[in-house]
1. Out of all the residues in region 142-161, which are over 19 Å from R205 (Cβ atoms) and in contact (Cβ under 8 Å) with a residue 40 or more places away in the chain?
2. For residues that are buried (at least 16 other Cβ atoms within 10 Å of the Cβ) and closer than 16 Å to L209 by Cβ, scanning just region 219-238, find the one that is farthest from the chain's Cα centre (by Cα).
3. Among the residues of region 136-151, which ones are more than 21 Å from G186 (Cα to Cα) and either under 25 Å from the mean Cα position of the chain (by Cα) or surrounded by 15 or more Cβ atoms within 10 Å (Cβ to Cβ) (or both)?
4. Look at L24 and say whether it is under 14 Å from G212 (Cα atoms) and either out of contact with any Pro (no Cβ under 6 Å at 6 or more places or on another chain) or of a type outside the set (V, I, T) (or both).
5. Cβ-Cβ under 6 Å, sequence separation 6+ or interchain: first residue in region 171-188 and farther than 17 Å from D125 by Cβ, partner part of a helix (DSSP H, G or I). Which pairs?
6. What are the pairs with Cβ atoms under 9 angstrom where one residue, in region 106-133, is within 12 Å of A148 (Cα to Cα) and the other, located anywhere, is among the basic types (K, R)? Sequence gap at least six, or different chains.
7. Checking T193 against (1) open to solvent by less than 30 Å² (accessible area, probe 1.4 Å); (2) touching an Asp or Glu at 6+ places or on another chain (Cβ under 9 Å); (3) modelled with pLDDT of 90 or more, which test does it fail?
8. I'm trying to understand the selection: among the residues of region 152-173, which are charged (D, E, K, R) and farther than 19 Å from I190 by Cβ?
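The values are calculated or read from the model by the stated rules, or taken from the named source; none is laboratory data. Keep in mind that this is a model prediction, so the values were computed, not measured. All Cβ positions, even for glycine, are placed from backbone atoms using ideal geometry, and neighbour counts span all protein chains on display. Just so you know, the surface numbers come from the protein's heavy atoms only, side chains and all, with ligands and any DNA or RNA stripped out. Shrake-Rupley method; radii C 1.70, N 1.55, O 1.52, S 1.80 Å.
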Amino acid sequence: MISVVELTKVFTAAGDKIVAVDKLSFNVAKGEVYGLLGPNGAGKTTSLRMILGLLSPTSGYAEVAGVRTSENADEVKRRIGFVSAGAGLYQWLSPRELLLFFADVYGLSPAEARESLDRLSQTFDLGEFLDRRCGTLSTGQKQRVSLARALIHDPPIMLLDEPTRGLDVVASQVIFEYISHVRELGKSVILSTHRLDEAQRICDRFGLLHRGRLRNEGSLEELRAATGCQSLVDMFLNTIQHDSAPA
């Protein structure tokens, strides 16, 4: 469902070249949750932006459900649901208005939009505040609306960029339940996060990203066998220490 091949992004700042993502390659199968993991600055968000078609790669490509972002970015966006901690809501719209607006943006017919709205309203229990302005909702209610918005067009692919950032334990649990829900629907999921303990709970496979490069990849058992470490945290600490060691 998702193929990333030699994806590279180089920025130029003050005459210096900065390699944000360096020949990144991985695949995500249908119904699989793939954890793209790393500390802040590892290149996670840049990678997701290239997969989404929001940022052009310096070289390499990403293919989403058979469509390359470099060839048809708009079609790729239709096939992806995106969840980010930084994505806000239109404060003066109600959840109903917001979700129907995004359904229209994605090309759903009025009947399809109403059917999707009804289904998601039940799934995320939006009924009691569906017609209130988003600006009056609690943090948890806004979170549920944001999750529903990403699924309004029933995309086969989900990208989640640091979705639990700034959330407490209860709100974070909603995200975990959401990921389990979309996995059960057979969707392919990329979870980008630096919260390694959280990723270990939910992901099927992991890609450990550091300084723009994929250092290790596999299931938890495969990574344990390859690194000799039991937890993702220890694996990353060893990677960082190795990179910092003098040549």
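1. Residues satisfying the conditions are K142, V145, S146, L147, A148, R149, A150, L151, I152, H153, P155.
2. T227
3. Result: L137, S138, T139, G140, Q141, K142, Q143, V145.
4. Values: under 14 Å from G212 (Cα atoms): yes; either out of contact with any Pro (no Cβ under 6 Å at 6 or more places or on another chain) or of a type outside the set (V, I, T) (or both): yes.
Spelling it out, L24 is indeed under 14 Å from G212 (Cα atoms) and either out of contact with any Pro (no Cβ under 6 Å at 6 or more places or on another chain) or of a type outside the set (V, I, T) (or both).
5. These pairs meet every condition: I179/I202.
6. L117/R96; L120/R149; S121/R96; F124/R144; D125/R144; L126/R96; L126/R144; L130/R96
7. Failing condition for T193: (3).
8. D168
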